[in-house]
Amino acid sequence: MRKSLADQHFDRARLSLKQAISRYAQTVRLRRRHPEAVEIQAAMKTDLDRLSHTLDKLNCCLVRIAVFGLVSRGKSAVINALLGQKMLQTGPLHGVTQYPRSVYWSAAGGQVQVELIDTPGLDEVGGEERGRMAREVSSQADLILFVIAGDVTRTEYQALRQLQLAGKPLIIIFNKVDLYPDEDRQTIYAKLQRLFADQGDRQRPFFTPDDIVLTAADPSPLEVRVEWADGRVTHEWESPEPDIDELKQKLLDILNREGKSLLALNALRQAQQTEASIAYKTVELYRNEAEDLIWQFAKWKSLVVAVNPIAALDLMGGAAVDLVMIRSLARLYGLPMTRYEAGKLLKAILISSGGLLLGEVGSGLLLGMGKSAGAITSMFDSASGVMAYGASAAAQAGLAGYGSYRVGKAAQVYLERGCTWGPQGVNTVIEEILLQVDRDTIIHRLQRELEFYPR
């Protein structure tokens, strides 16, 4: 039976993470050869453990849903209503939830496991601590719920804006709708649009009206008239049942349709950051050796181009030298690099460097043709031919050497970002997931957020 798209994403992500762990385990061992390796080996081991933890979470199919909001918006009540029982303490006083707390939700069925994370009110803890807590929890979450009630305040706007920096799918929960019967999804969305526009964020918000859900997680008690058999009439207060079905159904739809894709995407993005961290530490450790290596290859390329008398072949020889240099840099760093990956990287560098390296190619062809003409002339007129050949060769060699140095420095930048390219590379799989999901999914709407905040 053909696997679903979400299952395919899940399997690709697991394979990519296993590949990353395997190659970086070898990289950490290679670092022991360097006299300064002890200083960074512990940090790199921590990064590798983080990759392993990410794979473990993926293998457990554990989706983390973090619930944020200001105090008294009903975050804990929303979770209790989803659970169908009062697992988390609620009350009229501010600050009932003092620290993030997790509970497990069994309603999602067998596709994935779900962990609901309750967080303190974002306006209750200090600014720096609040930001740290929000970043830490949101970075581990696969889906974020942001609870509001009534008019959105400037503090809520700022908190919402910060949470969007995490680049995670986000659902807005308008709670206590029983107290605001005139509010509807479109009205709330229009208010949020105006708020973002007033603050200069005209490209926001990136969510849509479909990402806004109305709930009454803990409705206010209603006074009920009771008529007794003996003719007495009394008035009592009754608490209505929570109105949470819309949110529950939306979450179940997302989990059943996109749960594994969400897991895969978040795991890959965490791996992306970890791989970049490992690569950066490695590049820093070998920076001086790499500089010497780049200059050495620049000299070799100059020599190869200078001595080759045939116009097109000297450029091909120079490109071959650049490919060998890129793979040599990767070997120096202990980072994996196949010939395919080196070629893809060289192509990316040539494109991103634009006019400068294109100028090298154009000038190289002209100078190479002049050099070839000089070589032919030398057969008939030795003095003038040798002079023409030497002048063209020297100019072309200098240009080629400088171009090779630029390629080497650009390769360093790419290596600092980790070896995330290639058929099973993290970047490749992330791009495939984002391109393959349907347009009406929450992951598809996330693409704009990821484009707005480049990785």
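The values are calculated or read from the model by the stated rules, or taken from the named source; none is laboratory data. Values in this document were obtained by computation on a predicted structure and should not be read as measured data. Here Cβ is always computed from backbone atoms with ideal geometry, including for glycine, and neighbour counts include all displayed protein chains. All accessible areas refer to the heavy atoms of the entire protein, side chains included, with ligands and DNA or RNA removed. Shrake-Rupley method; radii C 1.70, N 1.55, O 1.52, S 1.80 Å.
In this entry, residue 58 passes the filter for residues that are part of a helix (DSSP H, G or I), open to solvent by less than 30 Å² (accessible area, probe 1.4 Å) and either modelled with pLDDT of 75 or more or more than 17 Å from residue 118 (Cβ to Cβ) (or both).
For region 142-166, which positions are over 11 Å from residue 191 (Cβ atoms), touching a Leu at 6+ places or on another chain (Cβ under 7 Å), open to solvent by 10 Å² or more (accessible area, probe 1.4 Å) and of a type in the set (A, V, I, L, M)? 159 - this is the single residue of region 142-166 that is over 11 Å from residue 191 (Cβ atoms), touching a Leu at 6+ places or on another chain (Cβ under 7 Å), open to solvent by 10 Å² or more (accessible area, probe 1.4 Å) and of a type in the set (A, V, I, L, M).
Scan region 322-336 residue by residue and report those that are in contact with a Cys (Cβ under 9 Å, 6 or more places away or on another chain) and modelled with pLDDT of 70 or more. Steps first, answer last, please.
If we filter region 322-336 for residues that are in contact with a Cys (Cβ under 9 Å, 6 or more places away or on another chain), which is where we start, we get 330, 335-336.
The answer is 330, and nothing else.
Among the residues of region 235-250, some residue qualifies, meaning at least one is at pLDDT 80 or above, hydrophobic (A, V, I, L, M, F, W, C), crowded, with 21+ Cβ neighbours inside 10 Å and within 30 Å of residue 182 (Cα to Cα).
Within region 1-25, the set of residues being open to solvent by 80 Å² or more (accessible area, probe 1.4 Å) and either at pLDDT below 85 or more than 22 Å from residue 63 (Cα to Cα) (or both) comprises 1, 2, 3. Close Cβ contacts (under 9 Å, 6 or more residues apart or on different chains) running from residues in region 198-223 that are open to solvent by less than 30 Å² (accessible area, probe 1.4 Å) and modelled with pLDDT of 75 or more to residues that are assigned to a loop (DSSP other than H, G, I, E, B) and aliphatic (A, V, I, L, M) comprise 215/244; 216/244; 217/244.
Out of curiosity, is residue 66 at pLDDT 90 or above and small (Gly, Ala, Ser)? Answer is yes for this residue. Being open to solvent by 10 Å² or more (accessible area, probe 1.4 Å) and more than 28 Å from the chain's Cα centre (by Cα) holds for only one residue in 302, 277, and it is 302.
Conditions (1) open to solvent by 30 Å² or more (accessible area, probe 1.4 Å); (2) of a type in the set (Val, Ile, Thr); (3) in contact with a strand residue (DSSP E or B) (Cβ under 8 Å, 6 or more places away or on another chain); (4) at pLDDT 75 or above, marked per residue:
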{"position": "400", "(1), (2), (3), (4)": "no, no, no, no"}
{"position": "413", "(1), (2), (3), (4)": "yes, yes, no, no"}
{"position": "435", "(1), (2), (3), (4)": "yes, no, no, yes"}
{"position": "438", "(1), (2), (3), (4)": "yes, no, no, yes"}
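Given the condition among the β-branched types (Val, Ile, Thr), in contact (Cβ under 8 Å) with a residue 40 or more places away in the chain and part of a helix (DSSP H, G or I), answer yes or no: does some residue in region 165-175 qualify? Scanning region 165-175 turns up no residue that is among the β-branched types (Val, Ile, Thr), in contact (Cβ under 8 Å) with a residue 40 or more places away in the chain and part of a helix (DSSP H, G or I). With respect to residue 390, is the statement that it is open to solvent by less than 70 Å² (accessible area, probe 1.4 Å), modelled with pLDDT under 60 and under 21 Å from the mean Cα position of the chain (by Cα) true? The answer is no for residue 390.
Being loosely packed, with under 11 Cβ neighbours inside 10 Å and either outside any helix (DSSP H, G or I) or among the aromatic types (Phe, Trp, Tyr) (or both) is the filter here, so list the residues in region 180-197 that pass it. Result: 181, 182.
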